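J.: Sharing a structure, written as structure tokens. Questions coming.
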Amino acid sequence: MKYVTFEKLIIKNFLSIGEEPVSVEFDNGLHVITGLNRDKEDRRNGVGKSTIADALYFAIFGTTLRDIKKDFITNNITEGKTVVELTFTVDDPYYGVNNFHVIRTLKPSKCTIYKNGVDKTRDTIQNTGIYIENILSSSPEIFQNCVIMTLNNHIPFMAKNKVDKRKFIERIFNLEVFSKMLNDLRSEYNETKQNFNTEITRLEESQNYLKIQTKQRETFTDIKINKLSNLREKIQTNITKIENYKKELNEILKLDATPYFDKSRVIDEKIAAEEQNKELLYTNLVELKNKIDLKRDILSKIGTDEEKCPVCLRSIEEHHKEYIETEKSKIQEEINNYAEIVAQEKDNLVKTQQKLKTLNEAKQVVLDKINQIQIKQRDKERIEKTIAEINSYIKEQNNDIANIENETYSFDNAVEELEKKVETTKQNIENIKKVLDLLEVVKFVISEEGVKSFIVKKILRNFNSKLTYYLKKLDSNSICIFNEYFEEEIVNEKGKVCLYNNFSGAEQRAIDLACLFAFMDIRKTQGDVSYNVSFYDELFDSSLDEKGVDLVLEILNERVKKFNECIFIISHRKESTKAATGNVIYLEKNNGITRRIKFVD
């Protein structure tokens with residue numbers, strides 16, 4: 001898993017923000033972005049609250065969330081140079097921890113990126129943008145649905161069309177690999193098909209040559225020249241193919257899975273150590289529980305008869321009662337001490353289990369990398385075989401050239417050779433046909449109805465479980481389930497299947513939010529990257545009633561604690577500031593310029 005920690009954003013001359021830079025730090029907690037528009041008294045709209053989310057998006061992708069043309073992004077009052085700076089850290093299982101600093105400007109347009117202080121800017125802005133997206137393992141669509149949720153300005157997931165839903169879910173579930181595999185298979189199939197057509201053409205040519213030589217001795221010289229020309233052209237084509245295959249082979253030979261095997265062994269050792277620690281903690285917990293039970297049993301028997309001693313049956317004197325109470329207090333104190341130790345051991349057990357989970361995830365990443373290298377290395381035999389086959393073709397074609405050049409006016413030998421060549425080509429065609437049939441089978445295996453469907457079913461069980469969890473947390477009156485074809489079924493509180501549009505705005509918002517949180521969780525577990533930041537634009541400003549706001553806040557605070565997230569809520573309601581557990585970013589717009597001022601409650 002790759003962990004991206006956004007640290008700081010500095011904005012200058014961007015949209016309504018002017019020469020005075022607005023700086024935002026991404027600390028853990030629930031932060032609120034609000035403000036006041038002095039140009040329209042007592043209005044909180046049009047302050048520039050969403051500009052912060054737009055600036056973060058602009059720093060990464062070079063565009064704004066609201067699809068504003070670049071000519072209108074620069075502040076039209078100051079008309080100064082637009083500068084947006086973003087610093088973040090990436091903890092990558094392959095490349096370790098690295099610090100990045102992105103600077104995007106307009107007037108002039110430029111994008112610069114530094115890695116650990118070293119300039120890594122590419123030759124064009126577009127290529128630098130691609131480099132940044134690869135570092136963050138994100139796309140604009142994923143970022144808008146898992147990091148910056150402009151809930152009132154983009155189409156909710158449930159309102160998307162079927163094709164867009166499918167594409168989005170495949171990106172979230174990391175299922176694009178199947179599409180890539182299918183594309184690679186199609187390329188291989190097309191290449192094999194091309195070889196098949198080439199062999200068919202070769203067969204037709206050979207048969208034509210045979211027919212011509214048996215019928216037209218008079219044109220022998222012309223036929224000989226044409227055949228030599230065709231063969232030399234084919235040889236040159238095959239030589240070019242061999243050069244291309246050798247380049248591909250050299251790239252494969254550079255691959256080495258040894259470091260990843262070493263990593264795998266180290267991780268296995270750590271897992272074994274943590275498993276041993278887990279067993280020890282389980283043992284300690286059992287022993288402590290037994291001690292607590294024993295003490296409680298003793299405690300329950302002391303002083304059960306307040307008038308007589310349980311041993312000698314004599315009346316209990318006052319000083320004996322005091323002694324009994326003292327003993328009961330001591331035993332209760334021992335029970336409390338054991339209980340504290342149990343709580344501490346349980347906490348240690350949770351940490352150990354988390355370590356095991358992290359180690360197992362890291363091991364899977366390493367195994368995936370090894371598998372990728374091994375798949376590529378297996379291509380080595382195929383390429384070498386192909387090169388050998390082409391060399392064989394070249395050798396055969398050179399032999400054909402030599403034979404043709406040595407031909408005499410006696411066509412008997414030439415006809416015999418061509419007949420053999422026809423039979424050989426027919427056999428080649430049969431062999432290629434078998435390969436094509438096999439590729440058809442493989443194409444089905446990795447298609448929608450094949451192994452992909454099996455994997456999707458397993459992932460969807462987890463996703464549907466999370467979706468149900470969030471719907472309950474949001475007190476929704478519906479249940480939503482997705483099948484392996486990414487088709488949803490929504491059931492209302494009366495058990496009837498309904499469409500998304502059958503629900504009210506507030507009910508739709510609950511479904512949208514449940515999907516949103518479920519997708520974010522899946523992205524963290526199934527995806528290859530985790531971000532520490534999320535934005536919610538106008539989350540509290542429409543559809544949600546007071547109870548709905550409280551339920552959403554409960555989920556957001558839970559995410560802050562569970563994932564150490566930095567959550568920003570953009571709102572024009574001043575009362576939203578009460579929800580903040582972190583900073584309140586208070587913006588003021590005056591004379592068309594937005595600046596950040598100190599918040600005073």
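J.: Are there any trypsin sites (Lys or Arg not before Pro) in the stretch 62-152 that are in a DSSP loop and have at most 12 other Cβ atoms within 10 Å? List them by number.
T.: Loop-located and lightly packed - K69.
J.: Looking at this model, which pairs from K278/K562; K215/K395; K254/K363; K81/K561; K8/K69; K328/K562 are more than 31 angstrom apart at the alpha-carbon?
T.: K81/K561; K328/K562
J.: Also, quick follow-up: Could you tell me what percent of the DSSP beta bridges with both partners in the chain are antiparallel, to the nearest 5?
T.: Percent antiparallel among DSSP bridges in the chain is about 65.
J.: Specify the angular offset, from 0 to 90 degrees and rounded to the nearest 10, of the alpha carbon long axis of helix 412-445 from the longest principal axis of the alpha carbons in the chain.
T.: 10
J.: Using bins 5 angstrom wide from zero, how does P(r) for the stretch 258-377 break down, in % of all Cα pairs?
T.: 2, 10, 13, 11, 9, 8, 8, 6, 6, 5, 5, 4, 4, 3, 2, 1, 1, 0
J.: Another one. Using Cβ counts within 10 Å as a stand-in for footprinting exposure, how do L499, L203 rank, fewest first?
T.: Lowest count first: L499, L203.
J.: I've got another one for you. Relative contact order for the chain: what is it in percent, counting Cα pairs under 8 Å that are at least 6 residues apart?
T.: Computed value for the chain: 29 percent relative contact order.
J.: Oh, and also: Tell me which label goes with the value of volume of the Cα convex hull per residue in Å³ computed from the coordinates here: [x] 276; [y] 191; [z] 175.
T.: So the calculated entry is the one marked [x].
J.: Sticking with this structure for a sec: Subtract the Cα-Cα distance of V441 and D164 from 0.36 nm times their separation in residues, and report this length gain in nm to one decimal.
T.: Gain on stretching V441 to D164: 96.9 nm.
J.: Does anyone have the angle between helix 176-215 and the longest principal axis of the chain? Alpha-carbon axes, 0 to 90°, nearest 10?
T.: For helix 176-215, the angle is close to 10 degrees.
J.: DSSP loop (so not H, G, I, E, B), at most 15 other Cβ within 10 Å: list which GluC sites (Glu not before Pro) in the stretch 75-161 pass both filters.
T.: Here the sparse-neighbourhood loop sites are E79.
J.: Measure nothing but the geometry: give the 0 to 90° angle between the long axis through the Cα atoms of 51-61 and the longest principal axis through the Cα atoms of the chain, rounded to 10°.
T.: Result, in degrees: 30.
Each reported figure results from applying straightforward, stated rules to the coordinates on display, with no laboratory input. Here the structure is a predicted model, which means the values were calculated and not measured. Here the Cβ is made from the backbone with ideal geometry for all residues, glycine too, and neighbour counts use every protein chain on show.
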